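What follows is one structure encoded as structure tokens, with my remarks underneath.
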Amino acid sequence: MIPPVAVIADAHVHFPEGDYGGAGLVWQGRRRVWRSLADTAGGGRVVNESLAAFRAALDAIAARGVRHVVLLGDYTDDGQAETTARLAVLLRARADLAFYALPGNHDVFASHGKHIATRFATSPHTTELVTSDPRLAATEAGAILTPAMRMAGQPEALLPMAAFGYVRQPGYLHWETPFGASDRAEDRIYLARSADGSAAHSLMDASYLVEPSPGLWLLMLDANVFVPNPGPWRAAQKRAFADPSDAGWNALPQGKPHLLPWITDVAARARAGGKMLLAFSHYPAVGPFHARAGHDAALFGDAGQVRRMPGQDIAVALARAGIRLHLSGHIHTASISRAAGLVDVAVPSTTAFPGGYAILTPGQGEVTAELVPLTSVPEDSHLAAFYRASGAEEVPDYRALLSMQVRNRMAQSLTRDWPPEAAAGVRDARVGDVAGSLGLPAGPCPDLAFAALLADAALLRSGGPLAGPALDADRLAALRHLARGAATTGGDAPLRRYLDMVAAALTRLDAGASVTVALD
């Protein structure tokens with residue numbers, strides 16, 4: 001029988017007791033390396049709680065009797081050398097679990113790495129700059145300069161994690177790369193070229209295929225594409241490469257032309273040999289938000305998430321190559337998407353709303369993918385005391401904290417990103433006013449501020465099928481009322497575009513958190 005597989009995406013693990021050049025503060029008798037309350041409340045993901053969330057996910061997975069765990073990239077906070085080394089120790093200590101890792105854009109950078117900088121708390125109300133960059137450190141008195149903060153390139157960044165799939169292990173029944181059976185870094189090199197062909201650098205591809213259990217093939221695709229920038233840059237310079245964050249699968253066919261032929265060959269051999277082939281990469285192969293074409297760009301312009309959406313041709317290429325199911329991360333959302341015969345399951349981060357992981361359960365010629373919420377993370381009483389000393393009137397639990405981050409970012413966006421007159425109109429409008437502007441009955445919650453519904457809509461968009469428990473039933477009913485009404489009024493005004501995206505998110509919620517895929 002083919003065993004189940006768990007998938008954790010974007011764990012962004014940070015170690016509060018790590019040694020980052022002496023950074024941090026002594027709190028209740030122990031040195032802690034924490035981000036401030038302000039960073040936590042307004043951030044895009046939790047940092048201080050990430051280790052506890054990761055451990056809770058591993059414990060929940062083990063409690064289900066699952067042994068095989070795929071780490072879908074961004075397994076470290078930001079690729080810091082200290083973080084990567086400590087994570088490897090943590091994983092080796094979990095003898096009950098077997099791990100298979102993929103690099104994300106927060107784990108490695110090209111061949112030579114890059115500097116990382118952040119701010120850690122020195123008291124409930126002060127922070128300090130901590131960086132591996134000497135030039136940046138020189139700009140601020142008291143800054144801490146430490147190599148522990150540096151993100152390495154490949155293969156250096158992979159060496160601490162080598163035993164977790166990156167190189168052949170004694171128990172594997174089969175293991176290979178796009179370049180053959182060798183697991184040596186020098187045998188996994190390809191030539192990356194700039195779009196105009198004027199610059200080229202040799203890089204390592206960390207992709208591999210592993211059979212850890214009879215009949216189970218895990219196709220681990222390194223979709224980090226470091227496209228060289230034209231110019232006289234040396235490979236050791238950060239400016240030598242475009243950041244892979246916005247590239248993903250859109251850049252892969254040209255940036256890594258060796259991958260698709262290998263994927264096609266692997267899929268054909270899997271079918272011929274009766275293997276169950278499951279494919280993974282850090283980046284989505286199908287857009288997870290399901291809004292109509294052009295709506296995201298019309299509303300958000302050239303925002304990061306818009307740039308990160310894969311084109312339709314990616315799903316077509318993977319389906320033609322023989323892939324039926326692909327699991328991805330990067331976007332920190334939960335979604336099940338279909339295009340051109342490919343099912344892409346977007347696995348949520350354990351550090352951002354809605355918080356969760358995925359379980360793959362093989363059947364006869366099929367596999368069921370289930371998105372599972374991470375419902376319980378133990379509270380750190382020391383961290384809670386730090387937050388209270390920092391001014392928090394109430395310290396939310398893990399899930400409430402993730403929801404709070406989304407709501408706070410939406411409030412910030414109204415102030416920062418919206419035109420003043422539009423933001424003022426949204427802040428002043430009531431749900432009943434918006435319904436009336438669409439020619440609809442007032443519907444549920446007519447006296448509620450429309451801005452409050454925007455925060456619920458943001459939770460819905462991020463959480464998809466796992467968002468339900470965070471949403472008030474009456475507010476959800478109001479969103480449904482407006483979204484249905486906007487669909488019947490026609491036109492292409494910004495409000496209707498926005499509500500069309502809400503309708504797409506509602507469809508994801510209603511479709512449920514699992515899918516069964518036939519692997520023909």
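For Ser36, the residues 5 or more places off, or on other chains, whose built amide H falls under 5 Å of its own are Ala121. DSSP bridge analysis restricted to the chain gives an antiparallel fraction near 65%, rounded to the nearest 5.
Taken over the stretch 1-93, the alpha-carbon convex hull comes to 120 cubic angstrom per residue. Counting protein heavy atoms only, the chain has 53 percent of its accessible area on carbon and sulfur, 1.4 angstrom probe. Hydrodynamic analysis of the stretch 174-284 uses the Kirkwood radius over alpha carbon pairs. Inserted into Stokes-Einstein at 20 °C and 1.002 mPa s, it gives a translational diffusion coefficient of 143 µm²/s. Applying a length cut-off of 15 Å (Cα extent along the axis) and a mean Kyte-Doolittle floor of -0.5 to the DSSP H helices of the chain leaves 50-63, 81-93, 259-273, 398-416, 450-463, 473-489, 494-511. Which value does Rg/Rh take for the stretch 459-520 over its C-alpha atoms, Rh per Kirkwood? For the stretch 459-520, the value is 1.07. For the stretch 352-365, putting each phi into the Karplus relation 6.51 cos²θ - 1.76 cosθ + 1.60 with θ = phi - 60° gives couplings of 9, 4, x, x, x, 8, 10, 10, 9, 10, x, x, 7, x Hz, in residue order, rounded to whole numbers and with x for Gly and Pro. Cross-link partners of Lys114 among lysines, defined as those whose alpha carbon lies under 27 angstrom from its own and excluding same-chain residues fewer than eight positions apart: Lys238, Lys256.
Over the stretch 308-392, with a single point scatterer placed on each C-alpha, what log10 of the ratio I(q)/I(0) does the Debye formula yield at q = 0.14, 0.27 1/Å? Listed by q, the Debye log ratios stand at -0.62, -1.26. Our note on the geometry: Cα centres of the stretch 93-130 and the stretch 473-520, 36 Å apart. With no solvent and one equal point scatterer per Cα, compute the Debye intensity ratio I(q)/I(0) for the chain at 0.06, 0.07, 0.09 Å⁻¹ and report its log10, rounded to two decimals. Taking Cα atoms of the chain as identical point scatterers yields -0.29, -0.39, -0.66.
Other residues with beta-carbon under 15 Å from the beta-carbon of Arg184 carry, at +1 per Lys or Arg and -1 per Asp or Glu, a net charge of -4.
Per residue, the stretch 37-111 exposes an accessible area of 28 Å² to a 1.4 Å probe, with every protein chain left in place.
The alpha-carbon atoms of the stretch 119-242, seen along their principal axes, cover 57, 42, 19 angstrom, with the largest extent given first.
Per residue, the accessible area of the stretch 225-286 comes to 40 Å² when a 1.4 Å probe rolls over the protein heavy atoms.
The values are calculated or read from the model by the stated rules, or taken from the named source; none is laboratory data. All of these numbers come straight from a predicted model, not from anything done at the bench. For neighbour counting, all protein chains shown are included, and Cβ atoms are generated from backbone atoms with ideal geometry for every residue, glycine included. Surface accessibility is based on the protein's heavy atoms, side chains included, excluding ligands, DNA and RNA. Shrake-Rupley method; radii C 1.70, N 1.55, O 1.52, S 1.80 Å.
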